[in-house]
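Read through the structure below, which is laid out as structure tokens, and then see the notes.
The values are calculated or read from the model by the stated rules, or taken from the named source; none is laboratory data. Values in this document were obtained by computation on a predicted structure and should not be read as measured data. Neighbour counts run over all protein chains shown; Cβ positions are idealised from the backbone, glycine included. We work out accessible area using only protein heavy atoms, side chains counted, and drop any ligands, DNA or RNA first. Shrake-Rupley method; radii C 1.70, N 1.55, O 1.52, S 1.80 Å.
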Amino acid sequence: QVQLVESGGGLVQAGGSLRLSCAASKRTFSSYAMGWFRQAPGKEREFVAAISWSGGSTYYADSVKGRFTISRDKAKNTVYLQMNSLKPEDTAVYYCAARWGTTEITNVAEYSYWGQGTQVTVSS
């Protein structure tokens, strides 16, 4: 079982930055692909970014490409989401998730483990 704990959310003005962290409880974290998703009120959970188990491949939603960067530190069992040039439409609860493999990397249903989420609010 993998337990994931997100942190780093908060309130920021448009144009600002935040860095989310997701700490995993299990050493085999290094074997899992990791993803970030978000869910705004009244909307479905959507893919934001993902990274392969090796860290060699990254994937981004078009809406965040060029602004967000996903990375992982295997020594710390932690994955990060650096968010720059934030917009009000980025406001959501952000979730960290883990899965085997990278097929259908954007598919919510392919992820086996989820964190509790962290709120990100971007004011205009």
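Every listed requirement among (1) open to solvent by less than 40 Å² (accessible area, probe 1.4 Å); (2) modelled with pLDDT of 95 or more; (3) at negative phi is met by G117 save one, (3).
Looking only at residues of the range 85-97 that are open to solvent by less than 60 Å² (accessible area, probe 1.4 Å) and of a type outside the set (A, V, I, L, M), we find that the one that is farthest from S30 (Cα to Cα) is P88. When the range 67-77 is filtered for residues that are surrounded by fewer than 19 Cβ atoms within 10 Å (Cβ to Cβ) and assigned to a strand (DSSP E or B), the ones remaining, listed by number, are T69, S71, D73. So, in the range 24-38, of the ones that are within 16 Å of A49 (Cα to Cα) and of a type outside the set (K, R), which residue ends up nearest to the chain's Cα centre (by Cα)? Applying the filter and picking the extreme gives W36. Which residue is farthest from G115 (Cα to Cα), if the candidates are limited to the range 1-51 and must be part of a strand (DSSP E or B) and either open to solvent by 70 Å² or more (accessible area, probe 1.4 Å) or of a type in the set (S, T, Y) (or both)? Ranking the candidates gives Q13 first.
Each row is one residue, and each column tells you yes or no for (1) among the charged types (D, E, K, R); (2) in contact with a Gly (Cβ under 8 Å, 6 or more places away or on another chain); (3) free of Cβ contacts under 8 Å to residues at least 40 places away in the same chain.
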site: S30; (1), (2), (3): no, no, no
site: A40; (1), (2), (3): no, no, no
site: I51; (1), (2), (3): no, yes, yes
site: S54; (1), (2), (3): no, no, yes
site: T58; (1), (2), (3): no, no, yes
site: R72; (1), (2), (3): yes, yes, yes
site: A75; (1), (2), (3): no, no, yes
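Assigned to a loop (DSSP other than H, G, I, E, B) and within 16 Å of A50 (Cα to Cα) - does that describe any residue in the range 78-97? No, the range 78-97 has no match at all.
Scanning the range 98-114 for residues that are outside any loop (DSSP other than H, G, I, E, B) and either in contact with a Leu (Cβ under 7 Å, 6 or more places away or on another chain) or open to solvent by 40 Å² or more (accessible area, probe 1.4 Å) (or both) gives A98, V108, A109, E110, Y113, W114.
Can we say D62 is charged (D, E, K, R), more than 21 Å from Y113 (Cβ to Cβ) and open to solvent by less than 30 Å² (accessible area, probe 1.4 Å)? Quick ask: steps written out before the conclusion?
Working: charged (D, E, K, R): yes; more than 21 Å from Y113 (Cβ to Cβ): yes; open to solvent by less than 30 Å² (accessible area, probe 1.4 Å): no.
So D62 does not fit the description; no.
Going by the conditions given, is A75 modelled with pLDDT of 95 or more and of a type in the set (G, A, S)?
Details: modelled with pLDDT of 95 or more: no; of a type in the set (G, A, S): yes.
It is false that A75 is modelled with pLDDT of 95 or more and of a type in the set (G, A, S).
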